[in-house]
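K.L.:
Below is the structure I would like to discuss, written out as structure tokens.
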Amino acid sequence: MISVNDFRTGLTILWNGNIWTVLEFLHVKPGKGAAFVRAKLKNVEKGSVIETTFRGGEKLPLANVEKKEMQYLYKTGDRITFMDNQSYEQLEVGEEQVGEQVKYLKEGTNVMVLFFDEKIIGMDIPAHVELKVTDTPPSHRGDTAAGSNKPATLETGAQVQVPFFVNIGDLVRIDTRNNQYVDRVKA
């Protein structure tokens, strides 16, 4: 158990039947009344962020979340296989356990997999990945309107909007946090 007075950024707690990470917190001591802690929490499994208030001194259980560096090996149907970089054990999980982030992973990519009670609850992937464009409509002369984009399919199956000058075979950098094109990479 931990007191809300001892919150730190990045601390993982159990609250309302879910696992939460403390993003921000503020101790408030009003002139009149009891002190309280205002916190911004992120649901580890769902990714949602909420703001809530706790009474000063309230106790919450700590969530013992384990992080392991693992390598993404391959995907078969809706099953994903990872390899533990320390023991070389392979772990096969369902795509629903990993979530949307799998669409940014190429075979051989190292990721931090989060475990709680021997169950995968999520993973930390790199903020930017470089992927090859496998399909996009051809550019036409005059398609240069500022702010205009066209759809593109990447080698992992992810769909993003890219500028008109991007062609099939180009290597592009994608921000995995918001699914946005960053720039074209020189090969």
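The values are calculated or read from the model by the stated rules, or taken from the named source; none is laboratory data. Keep in mind the model is a prediction, meaning the values are calculated, not measured. In this analysis, Cβ positions are derived from the backbone assuming ideal geometry, glycine residues included, and neighbour counts consider all displayed protein chains.
K.L.:
Can you say whether residue 93 is under 29 Å from residue 169 (Cβ atoms) and touching a residue at least 24 places away in the same chain (Cβ under 8 Å), as far as the supplied structure shows?
P.N.:
No, not satisfied.
K.L.:
Same structure again: Going through 91, 73, 41, 105 one at a time, which residue ends up being farther than 30 Å from residue 133 by Cα and at pLDDT 85 or above?
P.N.:
When all the criteria are applied, what remains is 41.
K.L.:
Being among the aromatic types (Phe, Trp, Tyr) and farther than 30 Å from residue 3 by Cβ, is that true of even one residue in the stretch 54-65?
P.N.:
Checked the stretch 54-65: no residue is among the aromatic types (Phe, Trp, Tyr) and farther than 30 Å from residue 3 by Cβ.
K.L.:
Among 41, 114, which is the only one that is touching a residue at least 60 places away in the same chain (Cβ under 8 Å) and not in a loop (DSSP other than H, G, I, E, B)?
P.N.:
The match here is 114.
K.L.:
Which residue, of 107, 92, 118, is within 19 Å of the chain's Cα centre (by Cα), loosely packed, with under 15 Cβ neighbours inside 10 Å and either under 30 Å from residue 46 (Cβ atoms) or among the aliphatic types (A, V, I, L, M) (or both)?
P.N.:
107
K.L.:
Here's something else I'd like to know. Regarding residue 173, is this residue of a type in the set (Lys, Arg) and in contact with a strand residue (DSSP E or B) (Cβ under 7 Å, 6 or more places away or on another chain)?
P.N.:
yes
Residues checked against (1) surrounded by 11 or more Cβ atoms within 10 Å (Cβ to Cβ); (2) within 18 Å of residue 8 (Cβ to Cβ); (3) outside the structural domain of residue 13 (by TED's automatic domain parsing):
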site: 44; (1), (2), (3): yes, yes, no
site: 49; (1), (2), (3): yes, yes, no
site: 55; (1), (2), (3): no, no, no
site: 70; (1), (2), (3): yes, no, yes
site: 73; (1), (2), (3): yes, no, yes
site: 77; (1), (2), (3): no, no, yes
site: 81; (1), (2), (3): yes, no, yes
site: 85; (1), (2), (3): yes, no, yes
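K.L.:
With polar (S, T, N, Q) and in a loop (DSSP other than H, G, I, E, B) as the only criterion, which of 86, 97 stands out?
P.N.:
Going through 86, 97 in turn, just one is polar (S, T, N, Q) and in a loop (DSSP other than H, G, I, E, B): 86.
K.L.:
So residue 112 passes all but one of these: (1) aliphatic (A, V, I, L, M); (2) loosely packed, with under 14 Cβ neighbours inside 10 Å; (3) within 21 Å of residue 182 (Cα to Cα). Which condition number does it fail?
P.N.:
The number of the failed condition is (3).
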